[in-house]
Structures are given as structure tokens and as C-alpha cells.
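The structure under discussion appears below in the form of C-alpha cells.
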Amino acid sequence: MGTRDVAVFVGSLRRDSFNRKMATVLAGLAPDELRLGIVEIGQLPLYNQDDDVAGKVPPAWQALRDRVKAADAVLFVTPEYNRSVPGVLKNAIDVASRPYGQSAFDGKPGAVISVSPGAIGGFGANHHLRQMMVFLNVPMLQQPEAYVGGAASLFDDKGNLTNPATREFLGKFMQAFAAWIERNGKT
Ligand SMILES: Cc1cc2nc3c(=O)[nH]c(=O)nc-3n(C[C@H](O)[C@H](O)[C@H](O)COP(=O)(O)O)c2cc1C
């Protein structure tokens with residue numbers, strides 16, 4: 001089994017984001033064959049179809065498309081905003097999915113972890129994200145599901161995730177994702 005490059009989308013730009021902390025923790029818990037790299041999405045211009053023509057495409061859009069096309073898989077680590085996906089993440093997905101017929105996501109295996117200080121663990125964002133990925137032909141890991149609630153008490157002041165049961169669960173999640181990538185990814 002070779003190394004698999006996983007493009008990680010974090011749905012929050014907040015400096016002390018729980019989701020960004022989670023993405024960093026996941027990189028440490030993942031099996032050795034997965035190489036996780038966060039894709040920066042905060043600098044992307046808002047998607048405007050008028051600019052999606054030869055000679056006008058913003059360099060940041062092209063860089064994102066190239067990054068996702070080069071990846072073996074995609075992982076979304078996202079908060080829930082108003083029971084859905086934050087706009088910053090929706091914008092990045094829209095950018096990488098276009099031009100029509102040239103989606104960078106096509107056929108890449110994916111997974112989602114939603115993280116919230118609330119009790120429902122970002123269920124709404126998690127499933128709205130899944131809905132988009134059905135359309136974009138991204139086979140999404142179904143089990144285990146990962147709705148992580150109570151995020152405000154998960155991390156110590158260095159960003160370590162200290163709860164052993166949660167660490168064990170997330171380690172199993174990443175193992176399942178690695179197996180999912182082998183089964184559904186391009187060889
Ligand atoms: C515009 C907005 C809408 C939000 N809506 C929800 C929500 O629907 N469900 C939820 O669990 N938390 C909601 N929150 C709270 C976020 O879960 C919280 O700010 C969290 O820390 C964001 O993730 P982060 O720590 O990675 O930035 C919302 C926050 C903002 C700013």
C-alpha cells in the first residue's frame with residue numbers, strides 16, 4: 001500500500017478554531033500511509049462564474065483545483081453554521097467543482113468530521129456536506145460517522161486531544177478512511 005495524499009478542508013478561519021485543532025490531531029492519529037495536508041481556503045475570491053473563463057481565472061482558484069486534482073482523497077473537518085456548512089467552505093467546494101465537467105473532486109474518496117461546542121456535533125453541516133458530495137461523485141465514508149460535540153473541553157492549551165476514548169474513536173475513524181481510500185480510490 002503506497003502513501004495516500006489527503007487534501008484536508010477546514011471549514012473555519014478562526015485563529016483558535018476547534019476544527020483546525022482537530023485536523024492537526026487527525027494528522028497525528030492517521031495510519032502511516034495517509035499524508036494529511038490542510039488546504040488553505042481563506043484567501044479564495046468568492047466564486048463568480050464570469051471570471052471562470054480562460055485568462056480571467058484567479059490564481060488562487062487554479063491553485064486549489066490543482067491541489068485537489070493531485071490528491072488521492074479529501075477530508076472535510078467542519079463546524080456547523082446555522083445548521084449547515086460555513087460559507088467559506090461552500091465557496092471552496094464551489095470553486096474546486098468547476099468549470100462544469102472538470103470538477104477536481106470527481107471520483108475521489110472522501111470523509112467528513114463535524115466538530116462543535118454544542119451537543120449535536122454539527123450534524124446538519126455533516127449531512128449538507130454529504131449532499132453536495134453525492135452530486136460531485138465523491139464516495140463518502142459512511143461508517144463510522146463522526147459528529148464531535150463538546151469541542152470546548154476536548155483540547156488542552158497546546159491543542160492536544162486528551163480524552164483517550166475520543167482519541168481511540170478518531171484513530172479507528174482514520175483507519176476506516178484509509179481502508180475506504182484503498183477500496184474506492186484510483187490505483
Ligand atoms: C454564523 C455562526 C453560526 C453558527 N451556527 C451554529 C450551528 O448551527 N450549530 C452549532 O453547533 N454551532 C453553531 N455556531 C457555533 C460554532 O459551532 C462555534 O463558533 C465553533 O467554535 C466554530 O468552529 P471553530 O471552533 O472551528 O471555529 C455558529 C457560529 C457562527 C459564527
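Observations on the model:
- Two-site FRET efficiency, Glu40 against Ser84, from Cβ-Cβ distance with R₀ of 25 Å, rounded to 0.05: 0.70
- Taking amide H atoms as placed 1.01 Å from N in the peptide plane, the amide H of Thr78 lies under 5 Å from those of Gly11, Ile113, Ser114, Val115, each 5 or more residues away in sequence or on another chain.
- Descending principal axes extents, the chain, alpha-carbon based, whole Å: 51, 38, 27
- Taking 0.36 nm per residue of sequence separation and removing the Cα-Cα distance, the Asp50/Thr166 pair yields an extension gain of 37.3 nm.
- Subtracting the Cα-Cα distance of Glu182 and Arg15 from their residue separation scaled by 0.36 nm leaves 56.8 nm.
- For the pair Asp66 and Asp106, the difference between a 0.36 nm per residue extended length and the Cα-Cα distance amounts to 13.1 nm.
- For region 59-65, 3J(HN,Hα) computed residue by residue from phi via the Karplus equation (6.51, -1.76, 1.60; θ = phi - 60°) reads x, 5, 5, 4, 4, 5, 4 Hz, glycine and proline entered as x.
- Accessible surface of the chain [probe 1.4 Å, protein heavy atoms]: carbon and sulfur percent: 51 percent
- Amide H contacts of Val8: Gly37, Ile38, Val39, Leu75, each under 5 Å away and 5 or more positions distant or on a separate chain (H built 1.01 Å from N in the peptide plane; Pro and chain starts excluded).
- The chain - mean residue ellipticity at 222 nm from DSSP helices (-39,500 (n - 2.57) per run, n ≥ 4, rounded to 500): -11500 deg cm²/dmol
- Computed over protein heavy atoms with a 1.4 Å probe, the accessible surface of the chain works out to 50 Å² per residue.
- Beta bridge orientation in the chain: antiparallel %, DSSP, nearest 5: 10 percent
- For region 28-95, the Kirkwood estimate of the hydrodynamic radius, built from every pair of different alpha carbons, is 13.7 Å.
- Crossing angle, helix 164-184 versus the chain [Cα axis fit, 0-90 degrees, rounded to tens]: 40 degrees
- Between region 77-120 and region 7-49, the C-alpha centres lie 11 angstrom from each other.
- Close Lys pairs in the chain, defined as Cα atoms under 28 Å apart and 8 or more places apart or on different chains, number 19.
- Ser153/Gln131 FRET efficiency (R0 35 Å; Cβ-Cβ; nearest 0.05): 0.70
- Against the chain, whose longest principal axis is taken from its Cα atoms, helix 87-96 shows a tilt of about 50°.
The values are calculated or read from the model by the stated rules, or taken from the named source; none is laboratory data. Note that this is a predicted model, so its numbers are computed, not measured. With ideal geometry, Cβ positions are generated from the backbone for all residues, glycine too; neighbour counts draw on all protein chains shown. These accessible areas exclude ligands, DNA and RNA; they are computed on the full protein's heavy atoms, side chains included. Shrake-Rupley method; radii C 1.70, N 1.55, O 1.52, S 1.80 Å.
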